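Trainee: Starting off with a structure, shown below.
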Amino acid sequence: MGGLFSKSKKVSRVTEQDRAVLQMKSQRDKVKQYQKQIARKLETERRIAKELVAAGKKDRALLILRKKRLAEQLLSKTDGQLETIETLIQDVEFAQVEAKVFDVLKEGNEALKKVNDSMNIDEIEKIMDETKEAAEKQEEIQRLISGESFSDTDMEAIEKEFNDLVGERDGEQNRETEIPQNIKEDEPAPELPEVPTDEPVQKDVAVKENKKQKIAIEAS
Amino acid sequence: MAEINWPWQYNFPPFFTIQPNKETQKLQLDAWKSLVLDYCRSTKQCVIDVREANNSPVFHNAAISRKLPPEGILLVLEELAASGNAEPLDKTKTRWFIFWRTLQELASIIHTWAKDNGFTNTVCTFYELTNTPDQEFSGIDEDVLQKALKELEKQGKAEVILSPEINGVKFF
C-alpha cells in the first residue's frame, strides 16, 4: 500500500511545466553545444586563413575568411536564440513560483476564514462577561479570606508615606544641583577676585561645604 | 589533465605483480585502489575497459616497463567494487564504471549543490549538471550521473526524468 502511494505521489511530482522547462533547457544545451562547435570551427578557419596568407594564396584565404564571417554571424544569431530561450525558461519558472504563492495565499485565507467562523461574537461577549464575573467573585473571596482589607483612609496614609519618601529623595537630588546658585547669591561676584593665588582651593571647598550643610538644614 | 601524484609503489617493479602472500597482497591492492581512484579523478575517467587498460599509464609504467596483467586489473576492480567504488557495466566484466566518489557521496554532493544554488523544485538537464564548472561532478559520465541521481531518487530528494531525447532531473 505504501509503495503504491509513494508511486502515485512520485508521478505527480513532475508537472507538465517541469517537462516544458526541461525541454527548453535541453534545447538551450543544444544551442550551447552548437555554439561550441561553431567556435571551434572559427578557430580552425582562422588558423587555415593564416596559413594560406603565409603561403601567398590570397583567393583561398579570402574564401575561408568569408566562410568565417558567415559562421560569426551564425554565432551571434544563436546568441539571440539562447537569450529568447533563457527568458522563456525564466518566465515559466517565475510563473510557477507565482502560482505557488497564489495557492499558499488561498490556503492561508481559507484557514483564516475557518478560524474566524469558529468564533461567534455573541459567544465571545458571553465568555468575557463570565470572565469578569469570575474575577469579581475571586476578588471578593480574596477579601473575605484575608479578613481585613485596607480602608480608603489606610490607602491615603500609605499614599502619603510614599509621597513623603519620594519628596525626600527629590529634595536630596535638588540640593546638590541648587547649591551653586545659592552660593552665587550669598557671595556676590565682586567679592570673588580676592581669592588668593597660593593654595586657595582647599579653603574654598571647605567654605562651600559649610554652606552646603547650612542650606541642607534650611531645606529640611 | 591534472598532474597525477604517483605513489612510490608505482616505480617499484613488484607492485605490478600480484603478491602471493595474503597480507602483502592486501596492502598492495589497497595501494592499487587509491592509485586507480586518484588517477580516474584527475583524468575524469569514469569507465575502465580491462582490455584497453594496459594502454592507460595507470596500469602500465613505461619508465620501468612493467604492466599489471589483466587478472591483476580485474582483482583491483573487484576490490573497488567491494567498497562501492566500481561497478561492471555488464556480466562480461570487461568494462567497469569507476566511482572515485561512491554513488552515495556523489548523490549528496549533487544535492547539496542543488540546495545551495536554489535548484530545489526546478528541473536541470544532465548536460547542465555535468557542465557546471568547478564541481566534484563536473565532467563526469552521464551514466554515472544518472546512477547517482537514482540514489537521490531513492531518498526522495530528486526525480529523474528520462526520455529518449532529454535526460533531466528535478530536485526536491
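Trainee: Among residues belonging to region B:148-159 that are open to solvent by 20 Å² or more (accessible area, probe 1.4 Å) and closer than 25 Å to B:Arg95 by Cα, point out the one that is farthest from the other protein chains (Cβ to nearest Cβ).
Mentor: Of region B:148-159, the ones open to solvent by 20 Å² or more (accessible area, probe 1.4 Å) are B:150-151, B:153-157, B:159.
Okay, now just the ones that are also closer than 25 Å to B:Arg95 by Cα, so B:150-151.
Working: B:Lys150: 13, B:Glu151: 15 Å.
Across region B:148-159, the extreme among qualifying residues is B:Glu151.
Trainee: Is it the case that some residue within region A:16-35 is surrounded by fewer than 15 Cβ atoms within 10 Å (Cβ to Cβ), within 14 Å of another protein chain (Cβ to nearest Cβ), polar (S, T, N, Q) and under 30 Å from A:Ala95 (Cβ atoms)?
Mentor: Yes, region A:16-35 contains a residue that is surrounded by fewer than 15 Cβ atoms within 10 Å (Cβ to Cβ), within 14 Å of another protein chain (Cβ to nearest Cβ), polar (S, T, N, Q) and under 30 Å from A:Ala95 (Cβ atoms).
Trainee: Run down A:Glu159, A:Glu148 and say which single residue is open to solvent by 100 Å² or more (accessible area, probe 1.4 Å), more than 35 Å from the chain's Cα centre (by Cα) and at pLDDT below 85. I'd like the intermediate steps shown before the answer.
Mentor: Numbers: A:Glu159 fails: at pLDDT below 85.
Sole residue among the options that is open to solvent by 100 Å² or more (accessible area, probe 1.4 Å), more than 35 Å from the chain's Cα centre (by Cα) and at pLDDT below 85: A:Glu148.
Trainee: Quick one: which residue in A:Asp164, A:Asp122 is modelled with pLDDT of 65 or more, of a type in the set (D, E, K, R) and open to solvent by less than 100 Å² (accessible area, probe 1.4 Å)?
Mentor: Working: A:Asp122 fails: open to solvent by less than 100 Å² (accessible area, probe 1.4 Å).
After applying the criteria, what remains is A:Asp164.
Residue-by-condition table, conditions (1) modelled with pLDDT of 85 or more; (2) surrounded by 12 or more Cβ atoms within 10 Å (Cβ to Cβ); (3) assigned to a helix (DSSP H, G or I); (4) among the charged types (D, E, K, R):
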site	(1), (2), (3), (4)
B:Met1	no, no, no, no
B:Trp6	no, yes, no, no
B:Gln9	no, yes, yes, no
B:Pro14	yes, no, yes, no
B:Thr24	yes, yes, yes, no
B:Leu27	yes, yes, yes, no
B:Leu35	yes, yes, yes, no
B:Asp38	yes, yes, yes, yes
B:Gln45	no, yes, no, no
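Trainee: Let me ask something else about it. Quick one: count up the residues across region B:148-166 that are at pLDDT below 85 and polar (S, T, N, Q). Explain how you work it out, then say what you get.
Mentor: First, the residues of region B:148-166 that are at pLDDT below 85: B:163-166.
Checking which are polar (S, T, N, Q) leaves us with B:163.
Residues flagged as at pLDDT below 85 and polar (S, T, N, Q) within region B:148-166 amount to 1.
Trainee: A further question on this structure: In the list B:Leu103, B:Leu75, which residue meets the criterion of being of a type outside the set (Phe, Trp, Tyr) and open to solvent by 60 Å² or more (accessible area, probe 1.4 Å)? Can you show your working first?
Mentor: Values: B:Leu103 fails: open to solvent by 60 Å² or more (accessible area, probe 1.4 Å).
Going through B:Leu103, B:Leu75 in turn, just one is of a type outside the set (Phe, Trp, Tyr) and open to solvent by 60 Å² or more (accessible area, probe 1.4 Å): B:Leu75.
Trainee: Return yes when A:Ala95 is in contact with an Asp or Glu (Cβ under 8 Å, 6 or more places away or on another chain) and either at pLDDT 90 or above or not charged (D, E, K, R) (or both) and no when it is not. Walk me through how you get there before you give the answer.
Mentor: Working: in contact with an Asp or Glu (Cβ under 8 Å, 6 or more places away or on another chain): no; either at pLDDT 90 or above or not charged (D, E, K, R) (or both): yes.
No: the conditions fail for A:Ala95.
The values are calculated or read from the model by the stated rules, or taken from the named source; none is laboratory data. Note that the structure is a prediction, hence the values are computed from the model and not measured. When we count neighbours, we look across all protein chains shown, and the Cβ atoms used for this are built from the backbone with ideal geometry, even at glycine. Only protein heavy atoms, including side chains, enter the accessible area calculation; ligands, DNA and RNA are left aside. Shrake-Rupley method; radii C 1.70, N 1.55, O 1.52, S 1.80 Å.
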